[in-house]
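Working notes, beginning with the structure itself.
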Amino acid sequence: MPLTLMVNGETRVLDPAPEPASLAAVVALLANNPQLVVAEHNGVIAARSRWDSIVVKDDDTLEIVTIVGGGS
């Protein structure tokens, strides 16, 4: 069954959706390197330690931001 989400301001359809549709599984599908991202689920920054227990549902909103190192 497909899962429709708003990801970084764009509608995304995951078809097939991961089972179970945990935040960890969804981020793994959407991010190039899940270890280097911060995820916000429905307006709340999600602690990485809770990603496996957060269930993502149709019409949820995700913001996935890649951490970039650098500086001088």
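The values are calculated or read from the model by the stated rules, or taken from the named source; none is laboratory data. The structure presented is a predicted model; accordingly, all values stated were derived computationally and were not measured. Neighbour counts run over all protein chains shown; Cβ positions are idealised from the backbone, glycine included. Each accessible area value is taken on the protein alone, full model and side chains, heavy atoms only, with ligands, DNA and RNA left out. Shrake-Rupley method; radii C 1.70, N 1.55, O 1.52, S 1.80 Å.
List of remarks:
- The trypsin sites (Lys or Arg not before Pro) of the stretch 1-60 that meet both conditions, a loop assignment by DSSP and at most 15 other Cβ atoms within 10 Å of the site Cβ, are LYS57.
- Mean Cα-pair separation over length for the chain, i.e. relative contact order, pairs under 8 Å, 6 or more apart, %: 39 percent
- Residue-normalised accessible area of the chain, given per residue in Å² at a 1.4 Å probe: 66 Å²
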